[in-house]
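K.L.:
Sharing a structure here in structure tokens format.
Nothing in this text is a laboratory measurement; each read-out follows from the coordinates by a stated rule. Worth saying up front: this structure is predicted, and the values here are computed from it rather than measured. When we count neighbours, we look across all protein chains shown, and the Cβ atoms used for this are built from the backbone with ideal geometry, even at glycine.
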Amino acid sequence: MDQDQPYERVAGDFAGDAQHCYRHPSRETGVSCSNCGRPICYECMTPAAVGFRCPDCIAEQRRNSGRARVITRSQTRSRWQGGMLGSTHAPVTRVLIGLNVVAFIIEVFVAAGGSMGGLSTKTLVDLGALFTPYIAVNHEYWRLITPMFLHAGLMHIFFNMISLYFLGSYLEPVAGWKKFLVIYFIAGFAGNVLAFAIGPALVPMVGASTSIFGLLGALFLYSLHNRHTFAGQALRSIGFWLVLNLVFTFLYSGVSWQGHIGGLLGGMAAFEALTLAGRKDIDAPFEGADLAAVAVVVGVIVAVAWWRVTTFTL
């Protein structure tokens, strides 16, 4: 095939054969770029006047034209494939929401009629809230995990679960449930560790927002790494929500900024580890290199926790 000619199918390749996206070889697809003919997956396809275009052809088109491309609402809905608009392929997200709701029901039951609007500090601490002296002195390290499933009141869990639903409904189908769980738990763990390390020692802390900030950070990096594809169209929106939540974190006195920042950094670090700093797709198979990179991230978090334990004084 002449190098100056567009991509063409090789002999023996016909409409019934499985094709794989030229940018994501692990994804089968039945769609090809209407300009060059290369197979493209849902993430790489961009609606054109006729058919779909691949990222390379779109980039070439933008270089040759100063006109901004308009994307309609229907095109956005089809491209995101049920992401932010409500996915049916995020079972782990729903399980996590269910676990949080069950944990909250247990909180209310243990409180023996305590107000759902604001559970007592004693109830939360008894059930596993992050309480620095109990971790550093009594070595109750499980308190670095359990707070991500506990909430201080009805409105607290309501807004956190709404956020988890929308963020998880997009990130889980993109990353796969295994990597999604890795990001979720590393973010929650990192947020709790930073709150334990530099937060107020005598103030108990709970909430899934550590993990939620990690998911938001991971989605931001996903859009950033794929900014030349359709996923990149959401970069500004996700960046806006990230900044807005950070502003809220520092303006509202009842929020642990240490937990939110730790969760954000943990989620972003986990995402970069799983993509080897953008050198591989997040939906690629989980390999030894991914495990090693994740182990480094977890090791750093554990080291921070151990530093706090060895230096803690009341």
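K.L.:
Most exposed first by the Cβ proxy, i.e. fewest other Cβ within 10 Å, how do Ser211, Ser253, Ser169 rank?
P.N.:
Taking fewest neighbouring Cβ atoms as first place, the list is Ser253, Ser169, Ser211.
K.L.:
Sorted by average packing, counted as other Cβ atoms within 10 angstrom per residue and highest first, what order do 104-111, 147-154 take?
P.N.:
Ranked from most to least packed, the peptides come out as 147-154, 104-111.
K.L.:
Going by average Cβ neighbours within 10 Å, how do the peptides 184-194, 269-279 rank, with the highest at the top? Intermediate values should be presented prior to the final figure.
P.N.:
Details: 184-194: 28.6, 269-279: 20.2.
Highest to lowest by the protection proxy: 184-194, 269-279.
K.L.:
Still on this model: Would you mind checking which residues have amide H under 5 Å from Arg53's amide H? H placed 1.01 Å from N; only 5 or more apart, or other chain.
P.N.:
The answer is Ser34, Thr46, Ala48.
K.L.:
By count of other Cβ within 10 Å, fewest leading, how are Met161, Met205 ordered?
P.N.:
Met161, Met205
K.L.:
Still on this structure, please answer the following. Sort 95-102, 37-44 by packing, meaning the average of other beta carbons within 10 Å per residue, with the highest value first.
P.N.:
Most protected by this proxy first, the peptides run 37-44, 95-102.
K.L.:
Give me the percent relative contact order of segment 228-314, please, defined on Cα pairs under 8 angstrom at least 6 residues apart. Mind dumping the intermediate values first?
P.N.:
Working: 25 pairs, mean separation 15.5, N = 87.
Reported as a whole number, the value is 18 percent.
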